[in-house]
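J.: Quick one: this structure, given as structure tokens, is what I'll be asking you about.
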Ligand SMILES: *Cc1c(COP(=O)(O)O)cnc(C)c1O
């Protein structure tokens, strides 16, 4: 399957058929698996043979999902997790112990921020935030205890584009691992391992599911690193439900066509904002006014499904805008077939102080649009009538 195109791999990689000759893979709703005999049980536990033992460790649906994701990312192997945050947590916690240190780009998902700044310090693990765009800051933040770089590109919601290749080069000079949260781009638009990342993490809840139905996540890396993550996962239990593994594997079958349309709609919406007289700031990675657009063109096949903008009149206009939307959903989720508008300062990033928000480019009037798959004219019309009533 390795030599096939992305779309083909996403559709044709399937768990082995059972005796029923099913075309669509069944859901393996089983917590455990039977051993053929006592010797088989012994060999499975001794890891002398491969096979399922217990669904906290592995399950055919979750394996199908994560192995397919590995094919699409160009990763050796991986682990499926119950949520994106479970993936973020185990992919960090597996590689640090008391006394160690993590360097992270300041602009990370709200809960990742809480792990780095609140939870890791409880266990004696330090962190330093850097402006992820500034390569010198990464280099300068390194201490003898630094074990891991963590970054998100494009970042949520600032849409910063970070140079994965250069950051990985700095890390590898110092034997530091690089962990990239690839949630916004998905494997269809960006493959961090190709640029030198050691670990790729996903929230599958977003574009991978694409329809706002399930939570899920994944950690992908080489076998040696995943063995470490598997140890933590196996004994702490952030396992994905087989039902969600089934849903998400099906979701991957349509990821390419969905992402193409998300990107097409997002580009048209960004251009609409660009031409609007009352919108001073528009951000979209593949727009020429984006400071990282050249890098985005190298790292990302297309610009993604998220557009951010700011209205004249800041917070007040922003709230008026949200309250006048008719069709577009107000939600904190993203990557759904439905277009969603979010006000990060009062929701997803409300736990940050005003200075912290400022530092990651979240102004009081910033609105994040997760551009869905409705017809672009209907999306723009709804936004247009809401903007007309916002000033
Ligand atoms: C949503 C999100 C997460 C967390 O994923 P969950 O599935 O909600 O746990 C992590 N990183 C990014 C960039 C996200 O958008």
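The values are calculated or read from the model by the stated rules, or taken from the named source; none is laboratory data. Please read all numbers here as calculations on a predicted model, not as lab measurements. FYI the Cβ positions are ideal-geometry reconstructions off the backbone, even for glycines, and counts take in every protein chain you see.
J.: Residues of the range 113-131 being buried (at least 19 other Cβ atoms within 10 Å of the Cβ) and either modelled with pLDDT under 95 or more than 12 Å from the ligand (Cβ to nearest atom) (or both), which ones? Talk me through it step by step, then tell me what you get.
T.: Let us first name the residues in the range 113-131 that are buried (at least 19 other Cβ atoms within 10 Å of the Cβ), namely 113, 115-116, 120, 125, 127, 129-130.
Matches in the range 113-131: 113, 116, 120, 125, 127, 129, 130.
J.: Mind checking which residues of the range 74-89 are within 16 Å of the ligand (Cβ to nearest atom) and either at pLDDT below 95 or part of a loop (DSSP other than H, G, I, E, B) (or both)?
T.: Those that are within 16 Å of the ligand (Cβ to nearest atom) and either at pLDDT below 95 or part of a loop (DSSP other than H, G, I, E, B) (or both): 82, 83.
J.: Can you find a residue that is within 21 Å of residue 366 (Cβ to Cβ) and under 19 Å from the mean Cα position of the chain (by Cα) anywhere in the range 128-148?
T.: yes
J.: Something else now. So which residues in the range 333-382 are closer than 16 Å to residue 268 by Cβ and touching a strand residue (DSSP E or B) at 6+ places or on another chain (Cβ under 8 Å)?
T.: Within the range 333-382, 339, 369, 370, 371, 372 qualify.
J.: Follow-up question, since we're still on this one. For the structure I just gave you, tell me whether residue 276 is modelled with pLDDT of 95 or more and either over 21 Å from residue 181 (Cα atoms) or in a helix (DSSP H, G or I) (or both).
T.: no
J.: Next question, about the same structure. Working only within the range 213-238, note down all residues that are surrounded by fewer than 18 Cβ atoms within 10 Å (Cβ to Cβ), in contact (Cβ under 8 Å) with a residue 60 or more places away in the chain and within 16 Å of the ligand (Cβ to nearest atom).
T.: Passing the criteria: 236, 237.
J.: Just give me the residues in the range 15-45 being in contact with a helix residue (DSSP H, G or I) (Cβ under 6 Å, 6 or more places away or on another chain) and over 27 Å from residue 69 (Cβ atoms), in sequence order.
T.: Residue satisfying the conditions is 35 alone.
J.: Among what's in the range 144-186 and is under 15 Å from residue 106 (Cβ atoms) and assigned to a strand (DSSP E or B), pick the residue that is farthest from the ligand (Cβ to nearest atom).
T.: 149
Conditions (1) in contact with a strand residue (DSSP E or B) (Cβ under 9 Å, 6 or more places away or on another chain); (2) under 25 Å from residue 108 (Cα atoms); (3) not assigned by TED's automatic domain parsing to the domain that holds residue 16, marked per residue:
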site: 192; (1), (2), (3): yes, yes, no
site: 200; (1), (2), (3): yes, yes, no
site: 211; (1), (2), (3): no, yes, no
site: 219; (1), (2), (3): yes, yes, no
site: 242; (1), (2), (3): no, no, no
site: 246; (1), (2), (3): no, no, no
site: 259; (1), (2), (3): no, yes, yes
site: 264; (1), (2), (3): no, no, yes
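J.: OK, next. Give the residue that is farthest from the chain's Cα centre (by Cα), with candidates limited to residues of the range 286-315 that are outside any loop (DSSP other than H, G, I, E, B) and free of Cβ contacts under 8 Å to residues at least 24 places away in the same chain.
T.: 294
J.: Next up: Are any residues in the range 99-119 in a helix (DSSP H, G or I) and within 19 Å of the chain's Cα centre (by Cα), and if so, which ones? Talk me through it step by step, then tell me what you get.
T.: First pass over the range 99-119, keeping only residues in a helix (DSSP H, G or I): 110-119.
Passing the criteria: 110, 111, 112, 113, 114, 115, 116.
J.: Could you list all residues from the range 329-377 that are within 15 Å of the ligand (Cβ to nearest atom), surrounded by fewer than 16 Cβ atoms within 10 Å (Cβ to Cβ) and at pLDDT 85 or above?
T.: 331, 332, 333
J.: Of the residues that sit in the range 196-212 and are in contact (Cβ under 8 Å) with a residue 60 or more places away in the chain and on the phi > 0 side of the Ramachandran plot, which one is nearest to the ligand (Cβ to nearest atom)? Let's see the steps before the verdict.
T.: Residues of the range 196-212 that are in contact (Cβ under 8 Å) with a residue 60 or more places away in the chain, as a first pass: 199-212.
Remaining after also requiring on the phi > 0 side of the Ramachandran plot: 210, 212.
Numbers: 210: 13, 212: 11 Å.
Of everything passing the filter in the range 196-212, 212 is nearest to the ligand (Cβ to nearest atom).
J.: State all residues of the range 99-115 that are under 14 Å from residue 349 (Cβ atoms) and free of Cβ contacts under 8 Å to residues at least 40 places away in the same chain; if no residue qualifies, say none.
T.: Restricting attention to the range 99-115, the residues satisfying the condition of being under 14 Å from residue 349 (Cβ atoms) are 106-114.
Matches in the range 99-115: 111 only.
J.: Please verify whether the range 53-62 includes one or more residues that are part of a loop (DSSP other than H, G, I, E, B), touching a residue at least 24 places away in the same chain (Cβ under 8 Å), surrounded by fewer than 21 Cβ atoms within 10 Å (Cβ to Cβ) and assigned by TED's automatic domain parsing to the domain that holds residue 231.
T.: Here is the first cut: in the range 53-62, the residues part of a loop (DSSP other than H, G, I, E, B) are 53, 55-59.
In the following step, the residues that additionally are touching a residue at least 24 places away in the same chain (Cβ under 8 Å) were identified as 55-57, 59.
Cutting the leftovers down to surrounded by fewer than 21 Cβ atoms within 10 Å (Cβ to Cβ) gives us 56-57.
If we keep only those that are assigned by TED's automatic domain parsing to the domain that holds residue 231 too, we end up with 56-57.
Checked against the condition, which is being part of a loop (DSSP other than H, G, I, E, B), touching a residue at least 24 places away in the same chain (Cβ under 8 Å), surrounded by fewer than 21 Cβ atoms within 10 Å (Cβ to Cβ) and assigned by TED's automatic domain parsing to the domain that holds residue 231, the range 53-62 yields at least one hit.
J.: Based on this model, can you work out whether residue 237 counts as at pLDDT 95 or above and under 20 Å from residue 332 (Cβ atoms)? Please lay out each step first, then the result.
T.: Details: at pLDDT 95 or above: yes; under 20 Å from residue 332 (Cβ atoms): no.
When the stated conditions are applied, residue 237 does not pass them.
J.: Suppose the filter is surrounded by 24 or more Cβ atoms within 10 Å (Cβ to Cβ) and either within 15 Å of the ligand (Cβ to nearest atom) or part of a helix (DSSP H, G or I) (or both); does residue 92 pass it?
T.: yes
J.: A follow-up question, please. Being surrounded by 21 or more Cβ atoms within 10 Å (Cβ to Cβ) and in contact with a helix residue (DSSP H, G or I) (Cβ under 6 Å, 6 or more places away or on another chain) is the filter here; which residues of the range 305-328 pass it?
T.: Selection gives 305, 307, 309, 311, 321, 328.
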